[in-house]
Amino acid sequence: MSALAYDGTAMLGRQLLRVRNNPALVILTQTMPITMLLFFGYVFGSALAIPGERYRSMLVAGLLVATAANGIMTGMFQSAQDVHRGVTDRLRTLPVSRAAVPLGQAAADLVVTAVGTVPFLLVALAVGWRVEGSAPAAAGAFALLLLFRFACVWAGIYLGLLSRSEEAAGQLGSATFMLPLLSNAYIPVDNLPGWLRTVAEWNPISAVTTALRDLLGNAPVPEGSAWPVAHPVAGSLLWCAVLIGVFAPAAVRQYGRVTR
């Protein structure tokens, strides 16, 4: 086993222990999408020109992707917490690969996200959502979802390492809730003003949401959309590649020189 793989596995174990010792945060993070599904599905859904059950089926993919995008907030908070409590300084004195700590954090987040998605999907099934596509397509949808979460966490780790304090990271991270609002995660974007629709369709969340809806068979790809939404799987993979390609090496470099 390579040094990076060995050290990364050790850091993965550290992060999972950290999650186990702070169950309240995990419970809050995982119950929020369920609350939003019930609230949006039955309250907002009644105000849209979409039948309630169909809207809830469309909403499931949007909430899954919105939750994945929250990896930015999670990554920011955890890495900022380590930096400003001196944990990062102590870890840097150990003979471990410079990439192992952020990689372990990103991998642990992926494990927690995969496990935490199960209760949400059970509630979604209870309110009428179904996988209407093929099994391979559904598997591809969830693999794409986890890849997007992985990419978002790397962005969060980098931003957290740059933060001036835990409080600043928490405040900036909480602002990421705006990102799904500027996408097709919750509502169709067809009737938005031209410039706002363009912004929404070039939002990575819109591409991933459209890809999930298409792969799960919950809604077809809308016609006349911007390229990432018109080709959602390719657009989603491209966005993930860009996010990981930019933020993963940047986070590793920043981890190597960060100081409190």
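No other residue among Glu166, Glu223 is of a type outside the set (Lys, Arg) and touching a helix residue (DSSP H, G or I) at 6+ places or on another chain (Cβ under 6 Å) apart from Glu166. For the structure I just gave you, tell me whether Gly160 is in contact with a helix residue (DSSP H, G or I) (Cβ under 8 Å, 6 or more places away or on another chain) and buried (at least 21 other Cβ atoms within 10 Å of the Cβ). Answer is yes for this residue. crowded, with 18+ Cβ neighbours inside 10 Å and of a type in the set (D, E, K, R), is that true of Glu167? Taking the combined requirement at face value, the residue does not satisfy it.
Scanning region 129-145 for residues that are touching a residue at least 60 places away in the same chain (Cβ under 8 Å) and either surrounded by 14 or more Cβ atoms within 10 Å (Cβ to Cβ) or among the hydrophobic types (A, V, I, L, M, F, W, C) (or both) yields Trp129, Val131, Gly133, Ala137, Ala138, Gly140, Ala141, Leu144, Leu145. Within region 202-221, can one find any residue that is small (Gly, Ala, Ser), surrounded by fewer than 16 Cβ atoms within 10 Å (Cβ to Cβ) and part of a helix (DSSP H, G or I)? No, there is no match, as no residue in region 202-221 is small (Gly, Ala, Ser), surrounded by fewer than 16 Cβ atoms within 10 Å (Cβ to Cβ) and part of a helix (DSSP H, G or I).
Beta carbons closer than 7 Å, at least 6 apart along the sequence or on distinct chains, pair a first residue in region 99-113 that is in contact (Cβ under 8 Å) with a residue 60 or more places away in the chain with a second that is of a type in the set (Asp, Glu) for Ala100/Asp7.
Here's the yes/no breakdown for (1) at pLDDT below 80; (2) assigned to a loop (DSSP other than H, G, I, E, B); (3) under 15 Å from Pro222 (Cβ atoms); (4) within 13 Å of the chain's Cα centre (by Cα):
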{"site": "Gly170", "(1), (2), (3), (4)": "yes, no, no, no"}
{"site": "Ala175", "(1), (2), (3), (4)": "yes, no, no, no"}
{"site": "Asn184", "(1), (2), (3), (4)": "no, yes, yes, no"}
{"site": "Pro188", "(1), (2), (3), (4)": "no, yes, yes, no"}
{"site": "Arg197", "(1), (2), (3), (4)": "no, no, yes, no"}
{"site": "Ala200", "(1), (2), (3), (4)": "no, no, yes, no"}
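Summed over region 222-260, the residues that are part of a loop (DSSP other than H, G, I, E, B), modelled with pLDDT of 95 or more and crowded, with 18+ Cβ neighbours inside 10 Å give a count of 0. Could you say whether any residue in region 135-145 is assigned to a helix (DSSP H, G or I), at pLDDT 90 or above and touching a Ser or Thr at 6+ places or on another chain (Cβ under 7 Å)? Yes; the residues of region 135-145 include at least one that is assigned to a helix (DSSP H, G or I), at pLDDT 90 or above and touching a Ser or Thr at 6+ places or on another chain (Cβ under 7 Å). If you filter region 70-99 down to residues that are small (Gly, Ala, Ser) and surrounded by 24 or more Cβ atoms within 10 Å (Cβ to Cβ), you find that the one that is nearest to Phe177 (Cα to Cα) is Gly71.
The values are calculated or read from the model by the stated rules, or taken from the named source; none is laboratory data. Because the structure is a prediction, the values reported are computed rather than measured. Neighbour counts run over all protein chains shown; Cβ positions are idealised from the backbone, glycine included.
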